[in-house]
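Comments concern the structure below.
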Ligand code: NDP
């Protein structure tokens, strides 16, 4: 069987790096993007371990020129093949925000990186997605309007809430081609973003989320799913 072709954004560290590792271990071919591939030491080491199956390309998802460059380079890597899985994993969280001092620049960066960038990336790469494939957007319970009961990390919360709507819009736009678009909450995971107190290891979170994607049915699009596959409220 032809191996699956996957693209993972923000693969320099954290969950993106772990997604790349586990997808490769499962036999997939992976295009992993990083803002600075030359400095992506762990990712480049993985590329050495999997010759020909991992391509590292530059992408700053928040920058139009960078997305355009990826759109130019990706067909050279894929050839006639199409992406079975696009994982919008890159994300940013500004910690320590206090009401009264929330900075416009942080709100802008968060919405641009967590929502606008992933939406425009999917729009730009739509022609390179396989019919019946999957787009998975790394979201967070923090972006759930229904679940929010406290004032915390507002830039991130607003960015992920906007991303959640982007997921629903994209699921509608790509529905005629059978492409399923879902939002995923990974749990609280021990990465630079999640911090040292987070109870879940990246390897566990990624294994759980890949299972969730594996089990997606043909009509399971436009859903917000937790690491156990449970549907979360928007
Ligand atoms: P990390 O902060 O550990 O890693 C974030 C990754 O995103 C890095 O590779 C970073 O690149 C990349 N990134 C940031 N901004 C951009 C950008 N503008 N363009 C391209 N790449 C960018 O985060 P996690 O691995 O923990 O998080 C991965 C995803 O999971 C995020 O979307 C996050 O919101 C989500 N998530 C994480 C949770 C957790 O508990 N960890 C909980 C809920 C959701 P670089 O290395 O160059 O800085």
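The values are calculated or read from the model by the stated rules, or taken from the named source; none is laboratory data. In this text, all values refer to a predicted model and were calculated from it rather than measured experimentally. With ideal geometry, Cβ positions are generated from the backbone for all residues, glycine too; neighbour counts draw on all protein chains shown.
Structure notes:
- Scanning the range 92-126 for residues that are within 11 Å of the ligand (Cβ to nearest atom) and either touching a strand residue (DSSP E or B) at 6+ places or on another chain (Cβ under 6 Å) or at positive phi (or both) yields a single hit, 118.
- For the residues 122, 77, 135, the requirement of being part of a helix (DSSP H, G or I), under 20 Å from residue 212 (Cβ atoms) and modelled with pLDDT of 95 or more singles out 122.
- Matching residues, the range 146-167, being assigned to a loop (DSSP other than H, G, I, E, B) and touching a residue at least 60 places away in the same chain (Cβ under 8 Å): 146, 147, 153
- Search result, residues across the range 18-43 that are within 15 Å of the chain's Cα centre (by Cα), within 7 Å of the ligand (Cβ to nearest atom) and either in a loop (DSSP other than H, G, I, E, B) or more than 15 Å from residue 55 (Cβ to Cβ) (or both): 35
- Selection of the range 177-197 for residues being within 11 Å of the ligand (Cβ to nearest atom) and either in contact (Cβ under 8 Å) with a residue 12 or more places away in the chain or under 15 Å from residue 138 (Cβ atoms) (or both) yields 183, 184, 185, 186, 187, 188, 189, 190, 191, 192, 193, 194.
- So residue 108, is it without any contact (Cβ under 8 Å) to a residue 12 or more places away in the chain, in a helix (DSSP H, G or I) and more than 20 Å from residue 14 (Cα to Cα): yes
- Residue 181 meets all of the listed conditions (1) part of a helix (DSSP H, G or I); (2) touching a strand residue (DSSP E or B) at 6+ places or on another chain (Cβ under 6 Å); (3) farther than 24 Å from residue 95 by Cα but one, namely (1).
- Residues in the range 51-65 that are modelled with pLDDT of 95 or more, more than 13 Å from residue 10 (Cα to Cα) and not in a strand (DSSP E or B): 53, 63, 64, 65.
- Considering residues of the range 149-171 that are modelled with pLDDT of 95 or more and away from the ligand (no atom under 14 Å from the Cβ) only, the residue surrounded by the fewest Cβ atoms within 10 Å (Cβ to Cβ): 150
- Count - residues of the range 1-17 that are part of a loop (DSSP other than H, G, I, E, B) and surrounded by 24 or more Cβ atoms within 10 Å (Cβ to Cβ): 3
- Check on residue 170, under 16 Å from residue 222 (Cβ atoms), touching a helix residue (DSSP H, G or I) at 6+ places or on another chain (Cβ under 8 Å) and assigned to a helix (DSSP H, G or I): yes
- Where residue 135 falls short, out of the listed (1) under 22 Å from residue 7 (Cβ atoms); (2) away from the ligand (no atom under 16 Å from the Cβ): (2)
- Among (1) at positive phi; (2) in contact with a strand residue (DSSP E or B) (Cβ under 9 Å, 6 or more places away or on another chain), the one test that residue 229 misses: (2)
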